[in-house]
Structures are given as C-alpha cells and as structure tokens.
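Just below is one structure, and these are the notes that go with it.
What follows draws every value from the coordinates through simple rules; no lab data is involved. What you see is a predicted model; the values in this text were computed from it and never measured. Note that each Cβ is placed from the backbone with ideal geometry, even for glycine, and that neighbours are counted across all protein chains shown.
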C-alpha cells in the first residue's frame, strides 16, 4: 500500500463496490451544505431541533435504564442525567431560537478546548510529519471560537447553520474524493 492505492482486502473491495453510492451521498451532502449556507437561519433552527430530539430520546433511554442500575448513587446519577436531558430536549424543541443561542456558546467553548488540545498535541508531535497540519487545525479552532464569542449572541441566529453547512460540504467533498479514488476496476 505504499503506492497510495487501495488494497484488495475485503473492506476495500466493499468500499470499491460502493464507490458510486459514495459519490451520490457526497454530492447530496454538498448540495445540503450549500443550502445550509444559503439559508443559515433555517439550518440553525434545524440543528437546534435535531439536538433537542437527540437529548429527549437519550434522556428517556437514560431515565428508563436508571431503574435497572444497582446502587443508590449510580441510580440517582442516571436518573438525574435522564431528567436533565429530557428537560434540555423539551426546552430546545419548544424554544429553538433561544436554544440556538445556548448551543452556539457551547460550540464556542468546545472549539476553545479542542484548539488548545490540538495545539498541545501538535507540539508533542513536533518534529514528526503532520505536526504543522495539527497546529493549523488548533489555531483555526481557536480563531473560530474567538469569532463566535465576539459575535455572540448576535451570531447565534446563523452560526450553527453555517457550521453545519461547512461540515456537510467538507464531508461531501471527502466522500466524492474517496469515490473517485475507488472507481470500480474494469
């Protein structure tokens, strides 16, 4: 595999067979990403509602599971986590705009920690190949966090939608590039 091509292992064979599907999924993701950029307010609300549903469903599962846990401490911990997740999910589902404001600041804080970790990791990797890319990623994460924090709460109406669009576009192009590298052999 030193020539950069994909081997003929079972995983790579299945991946090669699915290259056409990967292309179409990637293209759909790029189109959805562009739509998220064009309509950032709508996509921000969609993100808030999606996170609301995830929190609600996971909260119900955690709540039900808590009654099967042995021990008082773990039971009450799971019970509390389940109830808090349900409450946060319901809040986001019924108040997606204010919820997007809270989610935006949360994403900004996560980006700060992610950037700090990536920068520290880059200096640990130095002088090995790839440390510069990790450093760039860490700096970009912190810069994005600073932009989010500087514009908060005004930016909250569109920030999540723009981030969703960027993620869909980059992931979509990644799928398309992998698909073109995996064209089925004739």
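For helix 40-66, what angle does its Cα long axis make with the longest principal axis of the chain, in degrees from 0 to 90 and rounded to 10? Helix 40-66 sits roughly 70 degrees off the main axis of the chain.
Angle of helix 96-125 to the longest C-alpha principal axis of the chain, folded into 0 to 90 degrees and rounded to 10: 50°.
For a modelled paramagnetic label at residue 32, 7 Å from Cα along Cα-to-Cβ, the residues of the stretch 150-183 in reach, with backbone nitrogen under 20 Å, are 158-180. Among 102, 90, the ranking by other beta carbons within 10 Å of each residue's beta carbon, starting with the fewest, stands as 90, 102. Per-residue extension of 0.36 nm, minus the Cα-Cα distance of residue 12 and residue 39, leaves a gain of 6.0 nm for this segment.
Roughly how many Å is it from the Cα centre of the stretch 55-81 to that of the stretch 129-186, as a whole number? Taking the Cα centre of each part, the stretch 55-81 and the stretch 129-186 sit 34 Å apart.
Look at 50, 160 and count the other Cβ atoms within 10 Å of each Cβ; fewest to most, that gives 50, 160. Label-to-label distance for residue 124 and residue 24 is 4.3 nm, based on points extended 7 Å past Cα in the beta-carbon direction. Spin-label model, residue 173 to residue 113: label points 7 Å out along the Cα-to-beta-carbon direction sit 2.9 nm apart. Three semi-axes describe the equivalent ellipsoid of the chain; taken as square roots of 5 times the Cα gyration tensor eigenvalues and ordered largest first, they are 34, 24, 22 Å. When the chain is treated as a GNM with alpha-carbon contacts under 10 Å, the residue of 141, 97, 66 showing the greatest mean-square fluctuation is 66. Cβ crowding within 10 Å, taken as a proxy for footprinting-reagent exposure, orders 31, 47 from fewest neighbours to most as 31, 47. What is the angle, in °, between the Cα long axis of helix 131-151 and the longest principal axis of the Cα atoms in the chain? Nearest 10 is fine, range 0 to 90. Taking the Cα atoms of the chain, the angle to 131-151 is about 40 degrees. Compute a Gaussian network model of the chain, connecting alpha carbons closer than 10 Å, and tell me which residue from 129, 171, 101 fluctuates the most. Residue with maximal mean-square fluctuation among 129, 171, 101: 129.
Counting only C-alpha contacts under 8 Å and six or more residues apart, can you give the relative contact order of the stretch 20-181 as a whole percent?
Values: 216 pairs, mean separation 67.4, N = 162.
Answer for the stretch 20-181 is 42 percent.
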